[in-house]
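I have placed the structure first, in the form of C-alpha cells, so that the comments after it can refer back to it.
Bear in mind that the values in this text are calculations on the coordinates, not laboratory data. Being a predicted model, the structure only gives us computed values, none of them experimental. With ideal geometry, Cβ positions are generated from the backbone for all residues, glycine too; neighbour counts draw on all protein chains shown.
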Amino acid sequence: MKVRVTDIQHFSLHDGPGIRTTVFLKGCSISCPWCANPECISSKIQGDFGYDISLEKLEDEILKDEPYYETGGGVTFSGGEPLLQIKNLESLLKSLKLKNINICFETSLFVKKDYLNIANFYADEFIVDIKLLNKENAKNILNGNIDQYLDNLNSLDLNKTTFRIPVTEYSLNDEDLILELIKKYVPKKIEIFKLHNLAKKKYEILNKEFYYKEVSDVNLINFRDKLNEFVRTEIIEI
Ligand code: SF4
C-alpha cells in the first residue's frame with residue numbers, strides 16, 4: 001500500500017507535543033487562499049511536488065526519529081488533509097500504535113465522518129483548525145461545508161485537541177462565532193498565528209493566486225486575550 005506525500009519533516013517542533021516527525025500528505029478537501037502548503041492542496045503530482053511512498057518505507061522514515069520521541073513527541077500526519085488518505089494509512093497506524101508511538105492528526109475537519117472515526121481510534125492528539133465559521137464564507141472562500149465541520153466537532157475528544165487559528169481579517173470578523181464555539185467546545189489549548197508569505201514562491205510555481213494580508217499585532221493580542229478567558233492561548237510562529 002502507498003500514500004502520496006509532499007514531504008517528511010524530521011525534528012518538527014510546532015506540530016504537536018515534543019519533537020515530532022511530520023508527514024505532509026498530498027490532497028486537501030478545501031482550498032484556503034492563505035494556505036502555507038499550496039503544493040498539498042491538489043491530490044495530483046505537480047512537477048516536483050508530490051511522490052508516492054510505500055507504508056514500509058514511510059514507517060522506516062518515522063522510526064529514524066524514534067529516540068527523539070522520548071521528549072513526548074511522535075508522528076504528526078499533516079498536509080493537505082491527512083484524513084483523506086486515512087484508509088490507506090491504516091496498517092501503518094496499527095503498527096505505530098503497537099510500538100507505542102504518539103500519533104497526531106492535523107485536520108481541517110472538512111471530511112467524511114467515516115474518516116474521522118478511523119482517526120479517532122488511533123489518535124493521541126488532534127490539531128484542529130478554526131478558519132472561519134460563517135456558512136457563506138466557508139463555502140465561498142474555503143469551498144467547504146461548515147455543517148460538516150460542526151458535525152465533526154461533536155465527535156472529537158476535546159481532551160486530545162488543540163485548536164489552531166490562522167488570524168485573518170475573516171477570522172476577526174467571525175470573532176463572536178469563534179468565541180461562542182470555544183465556550184461550547186473547550187479544547188486543551190489554543191494556538192493562534194499570523195499569516196506569513198514564505199509560500200509566495202510556491203504559489204508562483206503553481207500559478208495560483210496567493211492571499212496575504214497581515215493583521216496588526218494589536219488585533220492579534222486582543223484576540224489572544226479574549227480566547228485566554230476560556231482556555232490557555234498561545235501565539236505561535238509556524
Ligand atoms: S486546510 Fe490546510 S492544507 Fe488544506 S488548504 Fe487549508 S491550510 Fe491548506
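Quick notes
- Exposed loop sites here are trypsin sites (Lys or Arg not before Pro) assigned a DSSP state other than H, G, I, E or B and surrounded by at most 15 other beta carbons within 10 Å; excluding them, the longest clear run of the chain is 113-187.
- Beta bridges assigned by DSSP with both partners in the chain are antiparallel in approximately 25 percent of cases.
- Spin-label proximity, N154 to the stretch 97-124 - amide N less than 18 Å from point 7 Å beyond Cα toward beta carbon: 109-118, 120
- Legend: residue pairs K57/K87; K112/K202; K2/K131, Cα-Cα distance threshold 20 Å; pairs beyond threshold, K112/K202; K2/K131.
- For the chain, the dipole from Cβ point charges (+1 on Lys and Arg, -1 on Asp and Glu) about the Cα centre works out to 360 debye, to the nearest 20.
- Degrees between helix 86-98 axis and first principal axis of the chain (Cα, 0 to 90, nearest 10): 70 degrees
- Bridging of K201 to lysines at a Cα separation below 18 Å is possible for K213, once same-chain residues fewer than 8 apart are set aside.
- For a modelled paramagnetic label at N207, 7 Å from Cα along Cα-to-Cβ, the residues of the stretch 6-38 in reach, with backbone nitrogen under 18 Å, are 38.
- Here the Karplus curve 6.51 cos²θ - 1.76 cosθ + 1.60, taken at θ = phi - 60°, turns the phi angles of the stretch 141-156 into couplings of 9, 9, 6, x, 9, 5, 5, 5, 4, 5, 5, 5, 4, 5, 9, 7 Hz, with x standing for Gly and Pro.
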